[in-house]
Amino acid sequence: MKFQDLLGRQRDVLSTLKGAMTLIRDPEKTDSVYDIEDGLQHIEATRLAVEFAKTQPGVTPLFSERYLAPPPDIAALLQLPPESLGYAYASYITKAGFDPNFYRKAEVTDDTTYFLMRMRQTHDIWHIVTNFGVDVMGELGLKAFELAQVRRPLAAMLVAGSVIETLLKKPAAMDKLLDVIPAGYRMGIQAQPLLAQKWEEDWEKPLSEWRSQLGIELN
């Protein structure tokens, strides 16, 4: 192994460990999730996740195009009909006090970096379409959904970690956890690929139509 490759792997391990420790201490620290994912970029599971995602209908063209949408105009989206995806998204962002561009940026140089960026860019859209909330259980339901759809290693780590943490620290919550994780996974298996969608080019479409088109059955 080349010295530079060894250093790179060590940096990846340190990034993953740093993110994991920070997340354990304070689950509200969003950057820790990105530290974990950045540390997982070069593992075999990530390469296989990207290859799996590209086998899903309609996904490969977005990889070839490297499609990334410009930042959303929240004020303009709030002028759309209330039943539209765009209005639902803008309302969600506004009420929660979120920054739609909060996610960590990375230079897109290959399929892996494109995959990570597109997943990050559309994270909140996936929340809206699947109707999983932003509380802990909602996030884990969405991570199970992601695991079914694209085999995202970060999703696998967070789901597995939540089961272990609940077992050790909050065993009374295990029943609820074991309801939401299978529900999210089943929804992800049954739905059409969310990664294949250019949501931002059809903000006006009613949210109900998106869900019907994609086979999203709410729990």
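The values are calculated or read from the model by the stated rules, or taken from the named source; none is laboratory data. Predicted model only: the values in this text are computed from it and were never measured. We place every Cβ from the backbone using ideal geometry, glycine too, and count neighbours over all the protein chains shown.
The residue that is nearest to the chain's Cα centre (by Cα), among those in region 52-85 that are over 15 Å from Q121 (Cβ atoms) and among the small types (G, A, S), is G58.
Of the residues making up region 62-82, those that are among the aliphatic types (A, V, I, L, M), surrounded by 13 or more Cβ atoms within 10 Å (Cβ to Cβ) and free of Cβ contacts under 8 Å to residues at least 60 places away in the same chain number 3. Regarding K95, is this residue basic (K, R), modelled with pLDDT under 95 and under 25 Å from S208 (Cβ atoms)? Criteria met by K95.
Of everything listed in (1) at pLDDT 95 or above; (2) surrounded by fewer than 16 Cβ atoms within 10 Å (Cβ to Cβ); (3) part of a loop (DSSP other than H, G, I, E, B), the single unmet condition for F132 is (2). What residue, among those in region 29-50 that are of a type in the set (S, T, N, Q), assigned to a helix (DSSP H, G or I) and at pLDDT below 90, is surrounded by the most Cβ atoms within 10 Å (Cβ to Cβ)? Selected residue: S32.
Scanning region 103-128 for residues that are in a helix (DSSP H, G or I), of a type outside the set (F, W, Y) and under 23 Å from Q213 (Cα atoms) yields R118, M119, R120, Q121, H123, D124, I125, H127, I128. Within the set L177, L147, the sole residue that is aliphatic (A, V, I, L, M) and within 25 Å of H42 (Cβ to Cβ) turns out to be L147. I'm checking my understanding of the structure. Among residues of region 86-102 that are assigned to a loop (DSSP other than H, G, I, E, B) and either over 18 Å from the mean Cα position of the chain (by Cα) or touching a residue at least 60 places away in the same chain (Cβ under 8 Å) (or both), which one is farthest from T122 (Cα to Cα)? That would be G97. Write out, first by first residue and then by second, each pair whose Cβ atoms fall under 7 Å of each other, whose residues are 6+ apart or on separate chains, and whose first residue, in region 129-152, is over 16 Å from N219 (Cβ atoms) and touching a residue at least 24 places away in the same chain (Cβ under 8 Å) while the second is acidic (D, E) and assigned to a helix (DSSP H, G or I). Here the result reads R152/E146, each pair linking region 129-152 to a residue that is acidic (D, E) and assigned to a helix (DSSP H, G or I). Looking only at region 51-60, filter to residues that are touching a residue at least 12 places away in the same chain (Cβ under 8 Å) and surrounded by 14 or more Cβ atoms within 10 Å (Cβ to Cβ); which one of those is farthest from A106 (Cα to Cα)? Here the answer is Q56.
Can you confirm whether V163 is free of Cβ contacts under 8 Å to residues at least 24 places away in the same chain, more than 11 Å from the chain's Cα centre (by Cα) and buried (at least 19 other Cβ atoms within 10 Å of the Cβ)? It is false that V163 is free of Cβ contacts under 8 Å to residues at least 24 places away in the same chain, more than 11 Å from the chain's Cα centre (by Cα) and buried (at least 19 other Cβ atoms within 10 Å of the Cβ). Is it the case that D111 is of a type in the set (D, E, K, R) and over 10 Å from the mean Cα position of the chain (by Cα)? When the stated conditions are applied, D111 passes them.
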